[in-house]
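Here's the structure, in structure tokens; my notes come after.
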Amino acid sequence: MHIYLYSTLGCHLCEQAKAVIEHVLADKSFKLSEIDIAEKDQLLEQYGLVIPVVQFGDDEKRQLGWPFDEQQFSDWLQTF
């Protein structure tokens, strides 16, 4: 399964979120893909003030917004 991280360059919170996600996913079979919101106006408008945001698969209803720690992210993953 795919996990998407909505972020952008220079976002220190996004870097923190990515570190949390990568640590939790290290022993799991999920693939993490980053989506730079600066590349599309719609994404910039939708996520510009709330990144980082993690999404499970292609379902926008399955999102987790920052802040979260390893336990919260792991718990969120287990709901799917």
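Summary table
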read-out: Enumeration of residues in region 47-80 that are closer than 13 Å to residue 13 by Cβ, of a type in the set (A, V, I, L, M) and open to solvent by less than 60 Å² (accessible area, probe 1.4 Å); value: 51, 53, 54
read-out: Subset tally (residues that are under 23 Å from residue 71 (Cβ atoms), open to solvent by 100 Å² or more (accessible area, probe 1.4 Å) and at pLDDT 95 or above) for region 1-18; value: 2
read-out: Complete set of residues in region 1-44 that are in a helix (DSSP H, G or I) and either under 17 Å from residue 76 (Cα atoms) or polar (S, T, N, Q) (or both); value: 16, 17, 18, 19, 20, 21, 22, 23, 24, 25, 42
read-out: Inter-residue pairs, beta-carbon under 6 Å, first open to solvent by less than 40 Å² (accessible area, probe 1.4 Å) and in region 19-46, second of a type in the set (S, T, N, Q) and assigned to a helix (DSSP H, G or I), 6+ apart; value: 24/74
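The values are calculated or read from the model by the stated rules, or taken from the named source; none is laboratory data. If you're wondering where the values come from, they're calculated on a predicted model, not measured in any experiment. Neighbour counts are summed over all protein chains in view; Cβ atoms, including those assigned to glycine, are modelled from backbone coordinates with ideal geometry. Only protein heavy atoms, including side chains, enter the accessible area calculation; ligands, DNA and RNA are left aside. Shrake-Rupley method; radii C 1.70, N 1.55, O 1.52, S 1.80 Å.
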